[in-house]
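Inspection log for the structure reproduced underneath, given as structure tokens.
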Amino acid sequence: MLETRNLSVFYGRHKALENVSVQVNKGEICVVLGANGAGKSTLLKAVAGLVTPAPGSQVIIDGRPISGLNSAEIVETGIALVPEGRGIFADLTVQENLTLGAYARRARRDEGGNLKRVFSLFPRLAERRAQIARTMSGGEQQMVAIGRALMSRPDILMLDEPSLGLSPLLCTELFKTLKGIGETGVGILLVEQNAKQSLAIADRGYLLENGHIIGEDTAEALAGDPAVRRAYLGAAAEAVPVAPANSASTRQLSQMAEGFAIRAAEIHAAHIAGLRAVGAAAASTSGVQPNPDAKALAGMAADLAAHAADIQSAHIRGKRAAAPERPAGSAPSSANELSAMASDLAKRAGEIHSAHIRARRAKG
């Protein structure tokens, strides 16, 4: 079993994850849903040892803490990552790529057996084992990437946006294969923008927004939740029994919250790109101070992201509380409270936009 407890990650002064706790059992498929910049990829990288978690963070596999191990040692514990973009060796053959995945000591004893299992999952790779990887289609290259990870004989397989750039037909084939991998006993932690298909094969899911887990449930419950459907599945939420006087304003606030959350994610991603561009990590050790405008923009962006998360969390809580099965004593969030939060968020978005324009003009 893979478990994270209070996992936090910083990029310079920016907190990408804060106190994130997730759990994946062997043979279980868990999907992490969230907007761009929510921290999904950072979560996988922190588990895989590619970024360093903050003090107090815990990553545990089968009861053993692995937070201090490097990425090669983490592979030996039974965790494999398929990164976004695949990362295959383009000039090597399919079989050479797969063989490189068996470098772990735990996999060397049965390299031949592991290769047979990969070929049984991906018969097309067996047919094209001598083909140069860069000459293959995107879907076939994704098969190579997943097969290479499976060659390390993992107990937990993590995948970052595996359907990115694939056609709908190939996506369907990919998710069917992932379901088959889970049925072999391998636990899967899946980060995926295709919420509909990922929830269809998953057992459980987590909602990650602005570095925080804002919800978790069975995949079936998440797929049927009107608020989750609207936020992540792009579908109109089903009607819920709320007072007619409040229904229109609730829908409007929902749409406003979604729009602001998307804009906050875009600003958040742009802020990270800006930090990297000016060498924030180097500045923190050399004593060089970041541009004041950049610092102000960073603070405003972080505040905007936090407010967007507050609105979305309150909206989801309100929707769930209004449902017939709501627990005793729960109540929908105040429409006035949500309206005030949305207005404040709009004001802050305008301030950030103005600051950005001023900074661009100052640079000529």
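Remarks
For every residue, the table says whether it meets (1) modelled with pLDDT under 95; (2) surrounded by fewer than 18 Cβ atoms within 10 Å (Cβ to Cβ); (3) farther than 21 Å from Lys179 by Cβ.
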residue	(1), (2), (3)
Tyr206	no, no, no
Gly211	yes, no, yes
Glu220	yes, yes, no
Ala223	yes, no, no
Arg229	yes, no, yes
Ala235	yes, yes, yes
Ala239	yes, yes, yes
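- Yes/no for Leu115 being assigned to a helix (DSSP H, G or I) and not basic (Lys, Arg): yes
- Qualifying residue in region 129-143 (condition: out of contact with any Phe, Trp or Tyr (no Cβ under 9 Å at 6 or more places or on another chain) and crowded, with 24+ Cβ neighbours inside 10 Å): yes
- Scanning region 118-151 for residues that are in contact (Cβ under 8 Å) with a residue 40 or more places away in the chain, within 26 Å of the chain's Cα centre (by Cα) and outside any helix (DSSP H, G or I) turns up Phe122, Met151.
- Restricted to region 175-224, the set of strands (runs of 3 or more DSSP E) holding at least 3 residues that are within 26 Å of Pro123 (Cβ to Cβ) and assigned by TED's automatic domain parsing to the domain that holds Ala149 comprises 187-191.
- Any chance Arg109 is surrounded by fewer than 15 Cβ atoms within 10 Å (Cβ to Cβ), more than 26 Å from the chain's Cα centre (by Cα), within 26 Å of Met1 (Cβ to Cβ) and not hydrophobic (A, V, I, L, M, F, W, C): yes
The values are calculated or read from the model by the stated rules, or taken from the named source; none is laboratory data. Source: prediction; values computed, not measured. Reconstructed Cβ throughout: ideal geometry from the backbone, glycine too, with neighbour counts over all protein chains shown.
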